[in-house]
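Only one structure is covered here, and it is reproduced in the block below.
The values are calculated or read from the model by the stated rules, or taken from the named source; none is laboratory data. Source: prediction; values computed, not measured. Ideal geometry is used to build each Cβ from the backbone, glycine not excepted, and the neighbour counts take in all protein chains shown.
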Amino acid sequence: MSEQSVEITVNGKTISAEPGEMVIAAAERAGEFIPRFCYHPRMSSVGMCRQCLVEIDTGRGPMLQPSCMVPVSPGMTVDTESDTTKQAQEGILELLLANHPLDCPVCDKGGECPLQDQAFSHGPGESRYIEEKRHYEKPIDISSLIMLDRERCVLCDRCTRFADEVAGDPLIHFVERGNATQVMTYPDEPFSSHFSGNTAQICPVGALTAKPYRFKARPWDIEQANSTCTSCSVGCEISVHSSRDRVLRYQGIDNDDVNWGWLCDRGRFNFESIHAEGRVTEPLIKTADGHQATSWNAAMSITTELLNESLASAGAPSVGLIGGARGTNEDAWAWARLCTALGIERHDPQIGDGLPAALLGMPRATIRDVASAATVVLLAPDLKEELPVLYLRLRDAVVNGSTRIIEFTATGSGLTRHAWRSIRHGAGDAGSVISATLEDADVQAQLSSGPVVVVAGRGNLATSADVEFAALQKLMTAVDGATVLPALRRGNVVGALQAGLGPTSEAFDTTSTLTAAANGQIEVLVLLGSDPLADFPDRDLATAALNGAGRVVSITGHMNASTADADVVLPAAVMSEKTGSTTNLEGRVLPVAKKVNTPGVARPDWMIAVELADRLGHDLGASSVEGISEQLMSVGAGVGSVWRVPFQASAQEVSVAPKGGYDIDLIVSRVMYDGGVATASSPSLAGLANGRAVAVNPAVLEQFGIDSGEMIRIVSERGSAELPVCPDDRLDRNTVWAAFAQPGRESGFGDVRSLISSSAPVSRVRIERVP
Amino acid sequence: MARLTDENVTLAKEIIDRYPRAKSALIPLLHIAQEQDGWVTDEAMRHIAELIGVTPAEVLGTGTFYEMFKFEPVGRYLINVCGTMSCALLGADDLMHAAEEELGIHEGGTTDDGMFTLHRAECQAACTEAPCLQVNYRYRFRTTPVEVRQLISDLRNGRLEDEIPPHGTLARVRQHIPADRGVGAVDPSRVTSPPEWITASAEGGAS
Ligand code: SF4
Ligand code: SF4
Ligand code: FES
Ligand code: FES
């Protein structure tokens with residue numbers, strides 16, 4: 001406790017509180033729980049519900065005051081149990097229940113409902129109201145994920161405050177007045193926030209419910225385990241709730257370092273994919289009649305044989321491994337050891353859509369560092385889309401703190417409106433734009449005003465990683481003392497790289513492995529939970545590689561495009577089906593819990609590696625997940641630690657050719673919902689993907705005389721794609737943008753990835769009318 | 001029914017400029033929307049949201065708090081018959097019945113020709129003049145069923161055009177603040193010292 005801590009008395013106990021702390025929070029820390037509905041420690045106090053009334057004496061005698069609105073002051077006396085307090089709290093509950101439908105038996109919140117609990121603990125037991133209650137149409141959709149039952153709402157303002165203050169998407173608001181006050185969206189404008197699920201979690205009654213969980217279970221049937229969301233590398237802390245061997249929901253847990261209790265909707269709801277149709281439940285072998293189920297023994301024998309043969313005949317360079325960033329640290333560690341044991345050097349957890357591992361060789365920052373930095377420089381994809389809860393932390397740092405953002409972007413992002421400077425650059429010229437920006441005196445003054453953290457990731461998948469990395473290096477050299485927070489996307493990419501799954505040189509990365517495969521130099525291509533056909537930016541190369549590879553062994557939880565034709569498919573456990581740890585983008589090691597059994601005979605990746613090693617005559621030094629965790633702990637990767645492995649930072653020069661006949665920059669980046677397997681096999685999320693389209697400056701539509709939604713042809717040196725067009729005034733006339741990996745093949749729309757060549761530093765295109 | 005007209009957008013921008021934060025112009029712009037169409041349309045709310053940089057939900061939420069903004073079509077003349085105590089005791093119901101009969105609609109309804117909307121209102125702060133009613137917020141004091149019928153007939157026949165402008169009309173003379181008279185908007189976050197008029201008392205006051 002700091003020196004200036006404030007002493008107050010709560011129910012006769014003297015406690016020290018932080019200056020400025022609200023009475024309700026100080027009392028709670030001292031073990032005195034004051035009932036509340038509207039108060040939430042991560043949002044501003046509004047004094048909306050009055051449930052927290054207690055007698056507070058600041059020298060003028062005891063008075064009833066809302067303890068969520070009154071900051072502690074020296075010598076203050078608080079009585080949370082006096083008769084007056086009790087009477088006030090009972091009175092408020094009686095009023096809150098005057099209009100409450102009391103449909104607890106059919107309400108999802110029943111059993112974990114603060115209104116139920118506090119009516120029991122602090123309520124009068126009986127009501128004097130006999131009047132007809134307020135009626136509304138029972139639950140209405142306020143988005144495709146959230147339903148609202150206005151009869152149950154106690155108007156606490158938590159959901160609306162969350163939408164406004166935390167998410168920055170005030171799409172729900174109180175409308176009307178007095179008895180008619182209700183939470184509502186604008187007609188025809190749903191609450192389609194990326195963070196909408198949080199409102200269902202924080203609603204203190206059953207007014208807001210998340211569709212994927214409605215009527216699925218009762219809290220007393222639920223088992224829980226603390227775990228970590230690995231849908232992206234933020235690593236939000238979650239509680240996995242399951243019943244009868246099915247995951248039913250994820251709830252956010254307040255981790256002060258990471259997510260503050262929030263989750264994004266993708267992370268919260270894609271648990272549905274665990275129990276999806278497309279799970280691989282048995283080992284499969286490709287035969288003339290397609291995939292045939294087989295035993296582990298048979299599948300492992302074949303895999304062993306394939307590896308043995310190709311290692312013996314063509315040597316280690318004929319085997320390549322792609323993937324491993326979606327598993328646990330233990331999975332990555334086991335596979336990295338297996339590769340080392342077999343002398344395999346071609347291994348890369350990134351699918352050509354990240355940045356070189358040398359990124360981790362730069363001085364690194366934590367989320368806390370970012371959120372408290374004087375300046376945050378964004379050289380990253382749109383964080384709101386890719387690392388959503390990091391976006392929330394950064395937004396908070398700007399809105400409620402004194403952090404200033406300098407953003408370099410080709411298209412604008414969710415943080416543009418909070419940026420102190422948002423600076424546009426074209427494809428491949430971020431480096432020179434950065435240099436020019438750094439000459440500005442205001443920018444220099446800002447950068448020297450305090451700590452600088454660079455959030456660095458692959459902003460544009462149509463520009464090569466080298467070009468983007470070179471820009472980052474330029475920035476890091478120019479700004480003394482800056483640290484980096486890697487904005488790489490896959491859940492455990494940092495863990496996989498640090499566990500040794502990263503390539504030791506560019507000659508072994510995914511792009512070079514795929515190139516070798518396309519040239520017929522790869523005998524066995526191992527896909528470790530990866531789908532290059534869907535994820536590698538250069539679609540033609542990925543296709544040629546999968547066709548050119550001798551054999552493809554896919555270790556996967558779900559059937560996917562790259563697995564459809566694999567020679568061997570080994571069924572893998574997915575998150576919530578295995579124990580271990582994961583490493584988030586900071587390097588923080590976080591726990592991963594098993595809550596349900598794998599379907600069929602699926603196994604965790606590490607187990608497959610250990611057995612393969614055994615069959616190939618190697619000992620990985622551990623044969624259980626605990627054994628591997630111990631090994632990890634001995635290198636500093638125990639749960640709870642921030643694990644940092646030094647990487648060589650390599651400098652390289654890249655030159656970008658001047659514009660030729662193709663003079664429009666192609667920008668490709670991810671959005672929250674795409675055709676990826678976790679989203680696509682979660683029924684509640686699948687429909688939320690944007691779908692294929694290309695965004696252009698509205699003037700381009702005029703120039704071509706076409707309307708939004710009509711087809712346009714985009715042509716690059718590599719190929720062409722016909723896509724529906726949509727106007728986007730964030731873009732200039734020399735830039736087009738398309739979301740990556742969107743579903744839409746069904747409708748015959750072209751794939752923007754067919755325009756991207758992994759050997760070209762940037763992708764430039766021209767626009768043509770569809771004849 | 002529609003977005004704000006070009007003329008009203010010009011006016012809206014002038015109003016927005018008077019505030020340090022565009023958002024503060026929300027209520028005045030709702031008035032303009034209501035003046036334009038007689039009520040506040042969905043399209044107008046969207047337009048206002050765009051003009052001041054908030055979401056349409058915020059416009060709706062703020063607007064619906066105020067009873068005098070109407071979000072459904074109302075007639076050219078909105079008749080509010082007071083139904084609170086003094087008026088009720090002195091025959092408000094008779095006024096209402098007369099109006100209903102004369103207009104052929106029920107309380108809460110609007111005539112097919114869009115001329116009249118009939119509402120029962122809470123106390124209009126003219127209890128000493130009960131029973132009373134308002135037409136577009138212009139009072140008729142100590143009125144009678146006969147007078148109500150006469151009033152409606154006068155309104156119908158355009159005899160009160162001068163006195164009672166259509167519902168939503170703010171003013172027939174528009175205020176304009178010439179540039180040299182305006183104090184100009186100051187961004188509150190840039191204000192570092194107390195306003196001049198406070199300094200004197202701050203110095204003189206307890207410190
Ligand atoms: S819906 Fe829930 S969170 Fe929102 S105001 Fe009502 S009770 Fe509060
Ligand atoms: S931000 Fe990332 S880690 Fe957090 S809930 Fe979303 S997907 Fe999961
Ligand atoms: S918790 Fe204090 S007023 Fe609601
Ligand atoms: S009761 Fe009618 S004006 Fe007051």
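Summary of computed values
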{"read-out": "Pick from region A:186-200, criterion surrounded by 20 or more Cβ atoms within 10 Å (Cβ to Cβ) and not in a loop (DSSP other than H, G, I, E, B), ranking: nearest to ligand 4 (Cβ to nearest atom)", "value": "A:Tyr186"}
{"read-out": "Qualifying residue in region A:329-352 (condition: in contact with a Gly (Cβ under 6 Å, 6 or more places away or on another chain) and not assigned by TED's automatic domain parsing to the domain that holds A:Met575)", "value": "no"}
{"read-out": "Selected residue (only one of A:Leu155, A:Leu145 is at pLDDT 95 or above, crowded, with 20+ Cβ neighbours inside 10 Å, away from ligand 4 (no atom under 16 Å from the Cβ) and not β-branched (Val, Ile, Thr))", "value": "A:Leu145"}
{"read-out": "Any hit, region A:5-13, residues being crowded, with 21+ Cβ neighbours inside 10 Å, within 39 Å of the chain's Cα centre (by Cα), small (Gly, Ala, Ser) and farther than 21 Å from A:Leu115 by Cα", "value": "no"}
{"read-out": "Qualifying positions in region A:316-350 - among the polar types (S, T, N, Q) and touching a Ser or Thr at 6+ places or on another chain (Cβ under 7 Å)", "value": "A:Ser318, A:Thr328, A:Asn329, A:Gln350"}
{"read-out": "Filter pass, B:Glu161 being modelled with pLDDT of 80 or more, out of contact with any Asp or Glu (no Cβ under 8 Å at 6 or more places or on another chain) and part of a loop (DSSP other than H, G, I, E, B)", "value": "yes"}
{"read-out": "Flag for A:Leu472 being at pLDDT 95 or above, more than 21 Å from the chain's Cα centre (by Cα), crowded, with 23+ Cβ neighbours inside 10 Å and among the hydrophobic types (A, V, I, L, M, F, W, C)", "value": "yes"}
{"read-out": "Candidates A:Glu151, A:Glu112, A:Glu132 - the one that is farther than 29 Å from B:Glu58 by Cβ and either within 16 Å of ligand 3 (Cβ to nearest atom) or touching a residue at least 24 places away in the same chain (Cβ under 8 Å) (or both)", "value": "A:Glu112"}
{"read-out": "Of all residues making up region B:27-46, the number that are surrounded by fewer than 20 Cβ atoms within 10 Å (Cβ to Cβ) and within 14 Å of chain A (Cβ to nearest Cβ)", "value": "3"}
{"read-out": "Yes/no for A:Arg161 being of a type in the set (D, E, K, R) and away from ligand 3 (no atom under 16 Å from the Cβ)", "value": "no"}
{"read-out": "Qualifying residue in region A:553-571 (condition: in contact (Cβ under 8 Å) with a residue 12 or more places away in the chain and assigned to a helix (DSSP H, G or I))", "value": "no"}
{"read-out": "Those helices (runs of 4 or more DSSP H) lying entirely in region A:667-771 with at least 3 residues out of contact with any Pro (no Cβ under 7 Å at 6 or more places or on another chain) and of a type outside the set (Ser, Thr, Tyr)", "value": "A:683-686, A:698-704"}
{"read-out": "Top-ranked residue in region A:237-262 [being part of a loop (DSSP other than H, G, I, E, B) and within 24 Å of A:Asn597 (Cβ to Cβ); ranked as farthest from ligand 4 (Cβ to nearest atom)]", "value": "A:Asp245"}
{"read-out": "Filter result (in contact (Cβ under 8 Å) with a residue 60 or more places away in the chain and over 20 Å from A:Ser44 (Cα atoms)) within region A:154-178", "value": "none"}
{"read-out": "Condition broken by A:Leu311, with the remaining ones in (1) under 30 Å from A:Pro212 (Cα atoms); (2) modelled with pLDDT of 95 or more satisfied", "value": "(1)"}
{"read-out": "Within region A:652-683, tally of residues that are buried (at least 20 other Cβ atoms within 10 Å of the Cβ) and of a type in the set (S, T, N, Q)", "value": "4"}
{"read-out": "A:Glu386 within 18 Å of the chain's Cα centre (by Cα), farther than 19 Å from A:Val552 by Cβ, outside the structural domain of A:Glu611 (by TED's automatic domain parsing) and of a type in the set (Asp, Glu)", "value": "yes"}
{"read-out": "Among the candidates A:Gly206, A:Gly168, residue that is in contact with an Asp or Glu (Cβ under 7 Å, 6 or more places away or on another chain) and either part of a loop (DSSP other than H, G, I, E, B) or more than 14 Å from chain B (Cβ to nearest Cβ) (or both)", "value": "A:Gly206"}
{"read-out": "Tally of residues being outside any loop (DSSP other than H, G, I, E, B), in contact with a Phe, Trp or Tyr (Cβ under 8 Å, 6 or more places away or on another chain) and either at pLDDT below 95 or surrounded by fewer than 23 Cβ atoms within 10 Å (Cβ to Cβ) (or both) across region A:597-610", "value": "1"}
{"read-out": "Residues being closer than 24 Å to A:Glu151 by Cβ, within 16 Å of ligand 2 (Cβ to nearest atom) and assigned to a strand (DSSP E or B) - total across region A:209-234", "value": "1"}
{"read-out": "Output for region A:171-200, where each listed residue is out of contact with any Lys or Arg (no Cβ under 7 Å at 6 or more places or on another chain) and away from chain B (no Cβ under 12 Å)", "value": "A:Phe195, A:Ser196, A:Asn198, A:Thr199, A:Ala200"}
{"read-out": "In region A:144-165, residue nearest to the other protein chains (Cβ to nearest Cβ) [restricted to those that are farther than 23 Å from A:Leu102 by Cα and charged (D, E, K, R)]", "value": "A:Asp164"}
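Residue-by-condition table, conditions (1) more than 14 Å from chain B (Cβ to nearest Cβ); (2) touching a residue at least 60 places away in the same chain (Cβ under 8 Å); (3) within 16 Å of ligand 3 (Cβ to nearest atom); (4) among the polar types (S, T, N, Q):
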residue: A:Phe215; (1), (2), (3), (4): yes, yes, no, no
residue: A:Val234; (1), (2), (3), (4): yes, yes, no, no
residue: A:Asp245; (1), (2), (3), (4): yes, yes, no, no
residue: A:Leu248; (1), (2), (3), (4): yes, no, no, no
residue: A:Gln251; (1), (2), (3), (4): yes, no, no, yes
residue: A:Asn255; (1), (2), (3), (4): yes, no, no, yes
residue: A:Ala276; (1), (2), (3), (4): yes, yes, no, no
residue: A:Arg279; (1), (2), (3), (4): yes, yes, no, no
